[in-house]
Amino acid sequence: MRNISKSSKTALVLATLAVLIPGSVSAQQDTLEAETDITVNGLPPADLSGLTEGPEIEGFISARNADRMKVTGANGTSTAIIIADATEIKASKGFLGIGRSKLAADSLLNGLPVTVQTVEWGDGLVASKISLRNNDLKTASMIRNGTTQGFQEQTAATEALRGRVGDIDQYNIKGTTNVNFDTGRAVLSAQDKAELCATAAQADAMKNALLLVVGYTDSTGDYEFNQQLSEKRASRVVNYMQQACGWKPYRMLTPTGMAKADPVASNATAEGKAQNRRVAVNILVSKGLDGL
């Protein structure tokens, strides 16, 4: 069921905030050519609480070697950071960081977007807290488990696409597919799965097309429940399209959940609620690239 719904307008607003998952793809190779630049001698103290607070570093992990990593920001600046035994590593479980889980240092994969709070130690910086998103970690893990050839192909494709995209904050909507769900559930039907793969094929035939996936609920239930449910629905669609339909992660904008916001029908009727329990898969092409 393909149609351009009112949710597409919201999708465009969200797209201005979304980041390309290629940010977590372009540095996935296991060969760390810049590792020689990560040089810090000695071991940081077990207790970091007494050290001077350093800058907050935001970017993606561009190199990793044992307890050292390099984080590269959006402006291309790279910062060497030490990972200590006392470093706290947490991943957000949902949109806006609702719910968090602790992780081990081996979760810090190349290409993973992170926000790092630091403290000063000697002439360098030690990470006191590293924050990341579960969805980004899943993508980075999936890519790392691929083949070397897959790394090279995805990196080349990502860089080629990103080099032309620039500041993609305005899109032309080429189509929207809505898949609907039963109350309180995030299960895809056989028809849904067929439509999602058809949408992926439709988008794949368009040059420079990206997908933005947004999950929604009806008005039943409280905010926390609906927020988590909308995220779960969006995640289920993204996973299926990448794993079963072959849609490349670097062509997927960051998915999100919008709970009961932006209904396409009235929540006063059962029919309207059924329409609102949906995930919208939006095919987007940057206005600057449309027609190239």
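The values are calculated or read from the model by the stated rules, or taken from the named source; none is laboratory data. The structure presented is a predicted model; accordingly, all values stated were derived computationally and were not measured. SASA here: full protein model, heavy atoms, side chains in, ligands and nucleic acids out. Shrake-Rupley method; radii C 1.70, N 1.55, O 1.52, S 1.80 Å.
Roll a 1.4 Å probe over the protein heavy atoms and report the accessible area of T217 in Å², nearest 10.
0 Å²
Express in nm, to one decimal, how much length is gained between L103 and Q191 on full extension, taking 0.36 nm for each residue of separation and deducting their alpha carbon distance.
So the chain would gain 28.0 nm between L103 and Q191.
Show Y216, Y250 ordered by accessible area, largest first, where the area counts protein heavy atoms only and the probe is 1.4 Å.
Sorted by accessible area, descending: Y250, Y216.
So if each residue of separation counts as 0.36 nm, and I subtract the Cα-Cα distance between A66 and E271, what length gain in nm does that give?
Here the answer is 68.2 nm.
Using the structure shown, list the pairs from K129/K260; K232/K273; K90/K260; K174/K260 with a Cα-Cα distance above 21 Å, or answer none. All intermediate terms of the calculation are to be shown ahead of the outcome.
Values: K129/K260 33 Å; K232/K273 18 Å; K90/K260 28 Å; K174/K260 24 Å.
Cα-Cα > 21 Å for K129/K260; K90/K260; K174/K260; rest within.
Using only alpha carbon pairs under 8 Å that are at least six residues apart, calculate the relative contact order of region 192-272 and give it in whole percent.
Averaging sequence separation for qualifying contacts and normalising by length gives 38 percent for region 192-272.
Extension gain D47-A244, at 0.36 nm per residue separation less the Cα-Cα distance, in nm?
66.3 nm is the gain from fully extending D47 to A244.
If you look at just the Cα atoms of region 182-292, how large are its Rg and its Dmax in Å?
Spelled out, the Cα radius of gyration and Dmax of region 182-292 are 14.6, 45 Å.
May I ask you to evaluate 6.51 cos²θ - 1.76 cosθ + 1.60, the Karplus curve with θ = phi - 60°, for each residue of region 64-78 and list the ³J(HN,Hα) values in order in whole Hz, giving x for glycine and proline?
Calculated HN-Hα couplings, in order: 8, 8, 6, 9, 10, 8, 10, 10, 9, x, 5, 8, x, 6, 10 Hz.
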